[in-house]
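First up is the structure itself, then whatever we jot down about it.
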Amino acid sequence: TIRQRGGRRLVVAPAGSPGWAPARGRVDSSLIKALARAHRWKRMLDDGRYGSVSELAVAEKLDRGYLGRILMLTLLAPDIVEAIMDGRQPAGLDVHVLREGFPVEWGEQRTALRDRRPVAP
C-alpha cells in the first residue's frame, strides 16, 4: 500500500513479506553545498569571469587555500558525486575528509574513499 507521511509517499509492504525497501541514505547537506559551490566557482573560472583562483577568492571573501581545496571537489568521479547526492556515501566521508585531499585518478578515488571511517574525537 502507499501511505502519506509528512508530505511524502511511502510504500508499505504487507506484514510478513520479505522486505525490499531501498537503503535509506544519509544526505550530507554540507557536502552537497560544497559540491555545488565548487562547480559554481569552476564555471566562473571557465567562463572567464575571474582570471585566477586568487581573484575569485578575493571576490568571494574567502581564503585562497580553502577555495582551492573546495574547488578540488570538481575532480571527483561521477559515481562518487552521484552517491553523495543520493546519500549513499561511506559513513566517514564528509566535507572535512575531502578537504584533506584525495587522489585525482577515479579508480584510486574509489579505493581511497570507499573504506573511509570516521575519526574518533
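Nothing in this text is a laboratory measurement; each read-out follows from the coordinates by a stated rule. As the structure is a prediction and not an experimental result, all values here were calculated from the model. Cβ coordinates were reconstructed from backbone atoms using ideal geometry, including for glycine residues, and neighbour counts include every protein chain displayed.
Summary of values
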quantity: Separation of the R99 and E55 label points, Cα + 7 Å toward Cβ, nm; calculated: 2.6
quantity: Mean-position separation - Cα centroids, region 97-112 and region 52-73, in angstrom; calculated: 20
